[in-house]
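Step one of this worksheet: look at the structure below.
The values are calculated or read from the model by the stated rules, or taken from the named source; none is laboratory data. On a predicted model such as this, the values are computed, not experimentally measured, just so you know. A quick note on method: Cβ atoms are made from the backbone with ideal geometry, for glycine too, and the neighbour counts reach across all protein chains shown. Surface accessibility is based on the protein's heavy atoms, side chains included, excluding ligands, DNA and RNA. Shrake-Rupley method; radii C 1.70, N 1.55, O 1.52, S 1.80 Å.
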Amino acid sequence: MMNKDNKNPFKVTVTTLGCKVNQFESESIYSELHKLDCQISNGNGITDINIINTCTVTGKAAMQSRQAIRKAVRDNPHAIILATGCYAQSEPDELKKIEGLDYIIGNSDKHRIAQIISGLKKLQKQSTPIIIHKNILNQKEMPKTIAPLIKNRTRPFIKIQDGCNHFCSYCIVPYTRGPSRSMLPDDVLNILSNLPKAKRKEIVLTGIHLGRYGLDFSPPDSLLNLLKRIKQANIIDRIRLSSMEPVELTNDLLHFIAEPDFVCHHFHIPLQSGDKHILKKMNRPYDPAFFTRLINKIHDTLPDAAIGVDIMVGFPGETEEAFDNTYSLISSLPITYLHVFPFSSRPGTKAASLPNHVNPHLIKERRNKLLNLGRKKKSAFYAKMIGKSLDVLIEDKRESSSGKLTGVSSNYIRVLVDGDDSLKNKISSYRITKILNPDAVLGESMT
Ligand code: SF4
């Protein structure tokens, strides 16, 4: 596709906010536009089309999305500015107030962006944005996707599932992503086998509700069956699973993950609260006792596995006692790192209209207490690795300050090693010799 003077290909840039699923979708948009001979730009300099893949999971993410759109308008006043993603799906009328925006395309039609652009007779600025948007709650299937164009990632994110049927009371995602739907196993294998060889060392499988993979098929299938098929196909060295809901980490899945050298020994599990009353108000499908049994089972099965946990602080009605229940539950469990999110009231969710919203200063204080606890847990985990050998994938880059090669272990530890570029993009064993800083350890080659 050529720009106005019909001499040069359209220059396109995509700015991505939010989760791994959004990252994957942006890379798929790049891939589709690349097929149409568009020139992929990193956003510096003049571009013809600026796409902003927005997020609205928190108030802050929505604000950052608006800022990114305004920046694109400012930096490239003649370019076509197109907003897509969860904010475009949930509040198109809000976005259309932003001057200079030309297209607002909901998640319902995000997969058609390249087709929409290639269908435009000519690219011209719009006086008011054109909105392409459908009720996503009616979406039944995941549209076919081509292998993403992965520019600067050694470990690609591959989205195999979208949407969620659960409606946790604080979460806007089911309204912006629609019901749970999965990519057909053959399509998953097709995408994986079409990735460049260098990008097949480690794949991060992701989704909005990954553990629900395959349950929407008739007859229903499962994430475990898909993992077994990928293993049999022998096209990927190792798989990392992104966030998994507690109730979906079954014994069978845990035992499959425990088998050596295929699924990374890294679990990321949203707990959100350690208080049973708050969990009920959140509409979360488990209680602290269930969560305790699960974490101890994982730790007993894989003592060196990474166990990361999401926590939300400041949910409406969270008393000092409820917060203490969360703090003491986490302290008591073999968790290795924490992600802590302040409650953010989202329009249209049940929690937005709950009474007893918590004072923002208190939320900040509680968040800092948990972040401190998370740091202690992480450094204790790193200390436990000293002297052990870990399987590390050395990535395509060097650490800027030390110039050392950098990689990630199966159990999600950043490992820096000395060596030449021949070590890049390979999984090898390294003995951990010391902690370098709160986020990295030093590894010594075992070969
Ligand atoms: S499981 Fe809950 S938190 Fe996760 S996407 Fe679904 S509704 Fe949101």
For this session: Name every residue in the range 182-216 that is away from the ligand (no atom under 16 Å from the Cβ), open to solvent by 40 Å² or more (accessible area, probe 1.4 Å) and either closer than 18 Å to L137 by Cβ or among the hydrophobic types (A, V, I, L, M, F, W, C) (or both), in order of residue number.
Result: L184, A198
Exercise. Can we say N165 is in a loop (DSSP other than H, G, I, E, B), among the polar types (S, T, N, Q), modelled with pLDDT of 95 or more and open to solvent by 50 Å² or more (accessible area, probe 1.4 Å)?
Worked result: yes
Exercise. If we only count strands (runs of 3 or more DSSP E) wholly inside the range 77-161, which ones have 2 or more residues that are touching a residue at least 40 places away in the same chain (Cβ under 8 Å)?
Worked result: 80-85
Exercise. Can you tell me which of L241, L302 is within 16 Å of the ligand (Cβ to nearest atom) and not small (G, A, S)?
Worked result: L241
Seminar exercise, completed: Across (1) assigned by TED's automatic domain parsing to the domain that holds D439; (2) part of a strand (DSSP E or B), L338 clears everything bar (1)
Seminar exercise, completed: By residue number, the members of the range 338-366 that are in contact with a Phe, Trp or Tyr (Cβ under 9 Å, 6 or more places away or on another chain) and crowded, with 18+ Cβ neighbours inside 10 Å are F343, S344, R346, T349, A351, V358, I363, R366
For this session: Output the residue which, of all residues in the range 277-289 that are exposed (fewer than 15 other Cβ atoms within 10 Å of the Cβ) and assigned to a helix (DSSP H, G or I), is nearest to the ligand (Cβ to nearest atom).
Result: K280
Seminar exercise, completed: Subset of the range 155-167, residues within 14 Å of the ligand (Cβ to nearest atom), on the phi < 0 side of the Ramachandran plot and not basic (K, R), comes to Q161, D162, C164, N165, H166
Exercise. Where residues in the range 290-335 are among the small types (G, A, S) and assigned to a loop (DSSP other than H, G, I, E, B), which of them is most open to solvent (accessible area, probe 1.4 Å)?
Worked result: G317
Problem set entry | Leading residue by the ranking (most open to solvent (accessible area, probe 1.4 Å)) among those in the range 168-181 that are more than 9 Å from the ligand (Cβ to nearest atom) and assigned to a loop (DSSP other than H, G, I, E, B) | P179
